[in-house]
Amino acid sequence: MLDSYVPILVLLAIAMLFAVGSVAVSALVGPKRFNRAKVDIYECGIEPEPVPAGPHRFPVKYYITAMLFIVFDIEIIFLFPWAVTFDSLAVFGLGAMVSFMATIFVAYAYIWRRGGLEWD
């Protein structure tokens, strides 16, 4: 029974050896020329602002964007198996998915109305 797992373990070992080896070789062979532009902080093309000492506020719009991604990603995760087994679920599956989509649509409309999709 354990013989069937040997190819998987060998493939896992090869993958880990390749990953660790790639990092080690790039550290040994790669260029080591540092200048101010390479070491400087980069924030998506925006000049970084000095951060005041102590705790500072982080804009909530980043969290809202992350939560929107998670909500709609989970929606797709539930839609795919439903689409694959649509014929065998019949009317019950259709009703369940309509109620699920209505809930997601209400959340989407709420976020749209509150301005969560506007990036300023």
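The values are calculated or read from the model by the stated rules, or taken from the named source; none is laboratory data. Values in this document were obtained by computation on a predicted structure and should not be read as measured data. A quick note on method: Cβ atoms are made from the backbone with ideal geometry, for glycine too, and the neighbour counts reach across all protein chains shown.
Within segment 23-60, the set of residues being modelled with pLDDT of 75 or more, hydrophobic (A, V, I, L, M, F, W, C) and under 28 Å from the mean Cα position of the chain (by Cα) comprises V23, A24, A27. For segment 106-119, indicate whether the set of residues that are in contact (Cβ under 8 Å) with a residue 12 or more places away in the chain, surrounded by fewer than 11 Cβ atoms within 10 Å (Cβ to Cβ) and touching a helix residue (DSSP H, G or I) at 6+ places or on another chain (Cβ under 9 Å) is non-empty. Looking through segment 106-119, at least one residue is in contact (Cβ under 8 Å) with a residue 12 or more places away in the chain, surrounded by fewer than 11 Cβ atoms within 10 Å (Cβ to Cβ) and touching a helix residue (DSSP H, G or I) at 6+ places or on another chain (Cβ under 9 Å).
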